[in-house]
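Peer 1: The following block contains the structure, expressed as structure tokens.
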Amino acid sequence: MIIKSNRIDGRWFSLLLILSIFFVDAVFRVRSYDDKSLDAQVVLKLLVYFLIFVSGLLLRKSNGSNFQYYYNKYLLALIMVFALSAFWSPNSAYTLVASFSLLAYFIFITSYASSFGTTLLLKNISIALLAFMIVSFIFYLFIPSVGRISYWEFDVYVKGGRMSGIAGSANNLGRISCLGVMLSTYLLMNSSSKLYRLLFFLSVVSLLLCMNRSSMLMAVVGVCMITYSRRYEQIYALFISLGVIGLCLLLIFLDDFLFLISRSGNIEEILTFTGRTHIWSVVVDLFYNNPVLGYGYGSSMFILPKFESAIGFTASHAHNMVLQILLYMGIVGFGLLLISFLVFFVSKHRKTKFQLSLIAYVLYNGLLESGAFNGLVNITTIALFVAYNARSERECV
């Protein structure tokens, strides 16, 4: 049951939701790799975390909202274990701040969804993503030092041409753009709003400019999941058939295909998933050394750089969600996350196609990236929280 707040309060909570989603991955400056100092942007994000945490608690108290579903409680338990790992993490302060960011968004999103419903939740998130896209294009066109890809390799700052906007990296912008495509597609199915059309258009253009291939694929898969209907079974069958034919051709001309899709022209880039297999090897060894409780939440950014020579480049996270959790919290943390997902899928609550597409988005991004749990809250974390709480009585799978 959704309990409504008064109109004024609802507007303020909605504005806070829009701002919090906008700032979750926003980066407005370029810092050196080892610069962990406190600046205006860090202070702003800490302020956002605090505001939404307090607001979430106020919503829960005033409207009687709760966590709604049992699987949310396992996710909350995982976040609390993250916070407890500050006792043995290499940087307790960062662990506490990162864990608090997760807790703040979790409390706020669950409370907002319970109080105001899914429709308003998704509408305001779409406004936040649209604002993020517009500002990203402004930075891409007029402030390329921030709006275009750059990275650190062996303490050397390297500039590139791919769009990163205010997302901090081209890959991160790809994930945000992918979510924008999926969300706008879902909303356009029930409304022809120009806002949703503009979000869809800018998200697609952003996907092309950031050249994030994995996010492009996920966008296609997500749109298919959201728009799937038995009326179009023949069309889907045609695409599947073409996919099978393409796979057969791929096996025959594998070397040529790998060379074609690699950005550098080096086949090893594809075979190692752009060097990720080197990171995974190091992370697995670290996990075996501390398999039960791991090294603490957020520890990868302080541990992995020490293995730069073994990996071949500077890495700050595991580039795989499962390995990231195992590195952070060992078997205990992974067990809580696994139980949460299992309870979600076996629970009696019927899931919408959009919920399932968001879960697919989270799991897919967790294959080659650290996904929802990579230190501070990120857009994939938001997608997970929304997937656990966004329901529509009109459309159930």
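Peer 1: Using the Karplus curve 6.51 cos²θ - 1.76 cosθ + 1.60 with θ = phi - 60°, work out ³J(HN,Hα) for each residue of the range 112-125 in order, rounded to whole Hz, and write x for Gly and Pro.
Peer 2: 5, 4, 5, 7, 10, x, 5, 4, 5, 4, 6, 4, 6, 5
Peer 1: So if R0 is 56 Å, what FRET efficiency would Phe142 and Val292 give, r being the distance between their Cβ atoms, rounded to the nearest 0.05? Provide the component values of the computation, followed by the final result.
Peer 2: Details: r = 50 Å, r/R0 = 0.90.
FRET efficiency, Phe142 to Val292: 0.65.
Peer 1: Which shape class, rounded, prolate or oblate, goes with the range 108-227 when its Cα gyration tensor gives a ≥ b ≥ c as root eigenvalues, a/c under 1.5 marks rounded, and past that a/b bigger than b/c marks prolate? Don't skip to the answer; put the middle values down first.
Peer 2: On the way: a/c = 2.07, a/b = 1.84, b/c = 1.13.
Note, shape of the range 108-227 comes out prolate.
Peer 1: Quick one: order Trp280, Trp88, Trp12 from most to least accessible surface, probe 1.4 Å.
Peer 2: On the way: Trp280 50, Trp88 100, Trp12 170 Å².
I get Trp12, Trp88, Trp280, largest accessible area first.
Peer 1: Could I have the simple spin-label model distance between Leu367 and Leu44, label points 7 Å from Cα toward Cβ, reported in nm to one decimal?
Peer 2: So the label points at Leu367 and Leu44 sit 3.5 nm apart.
Peer 1: Using alpha-carbon pairs under 8 Å, 6+ residues apart, how would you state the relative contact order of the range 159-203 in percent? Walk me through the numbers before you get to the answer.
Peer 2: Numbers: 28 pairs, mean separation 12.9, N = 45.
RCO, the range 159-203: 29 percent.
Peer 1: Quick one: check the C-alpha center-to-center distance for the range 69-107 versus the range 270-343, whole angstrom.
Peer 2: Measuring centre to centre over Cα atoms gives 17 Å.
Peer 1: Say the cut-off is 25 Å between C-alpha atoms; which of Lys123/Lys353; Lys45/Lys353; Lys73/Lys306; Lys61/Lys194; Lys45/Lys194; Lys73/Lys351 go over it?
Peer 2: Numbers: Lys123/Lys353 17 Å; Lys45/Lys353 32 Å; Lys73/Lys306 35 Å; Lys61/Lys194 36 Å; Lys45/Lys194 30 Å; Lys73/Lys351 18 Å.
Distance filter (> 25 Å) returns Lys45/Lys353; Lys73/Lys306; Lys61/Lys194; Lys45/Lys194.
Peer 1: Assign one of three labels to the range 86-143, namely rounded, prolate or oblate, based on the Cα gyration tensor with a ≥ b ≥ c the square roots of its eigenvalues; rounded applies when a/c is under 1.5, prolate when it is not and a/b is larger than b/c, and oblate otherwise. Walk me through the numbers on the way to the answer.
Peer 2: Details: a/c = 6.18, a/b = 1.24, b/c = 5.00.
Cα axes put the range 86-143 in the oblate bin.
Peer 1: A further question on this structure: Can you give me the long-range amide H partners of Arg148? Hydrogens built in the peptide plane at 1.01 Å from N, cutoff under 5 Å, separation of 5 or more residues or another chain.
Peer 2: Close amide H contacts, sequence-distant or interchain: Ser164, Gly165.
Peer 1: May I pose another question? In nm, to one decimal, how far is the modelled label at Leu84 from the one at Trp12, with both set 7 Å along Cα→Cβ?
Peer 2: 3.6 nm
Peer 1: Report the extension gain between Ile245 and Ser92 in nm, rounded to one decimal, defined as 0.36 nm multiplied by the number of residues separating them, less their alpha carbon distance.
Peer 2: Result: 49.9 nm gained on full extension.
Peer 1: Right, here's the next one. Round to the nearest 0.05 the FRET efficiency obtained for Ser62 and Ser191 when R0 = 25 Å and r is the Cβ-Cβ distance. Numbers along the way, then the final one.
Peer 2: On the way: r = 29 Å, r/R0 = 1.17.
FRET efficiency, Ser62 to Ser191: 0.30.
The values are calculated or read from the model by the stated rules, or taken from the named source; none is laboratory data. On a predicted model such as this, the values are computed, not experimentally measured, just so you know. Methodologically, a virtual Cβ is constructed for each residue, glycine included, from the backbone with ideal geometry; neighbour enumeration extends over all protein chains shown. In case anyone asks, the SASA skips ligands and DNA or RNA and just uses the protein heavy atoms, side chains included. Shrake-Rupley method; radii C 1.70, N 1.55, O 1.52, S 1.80 Å.
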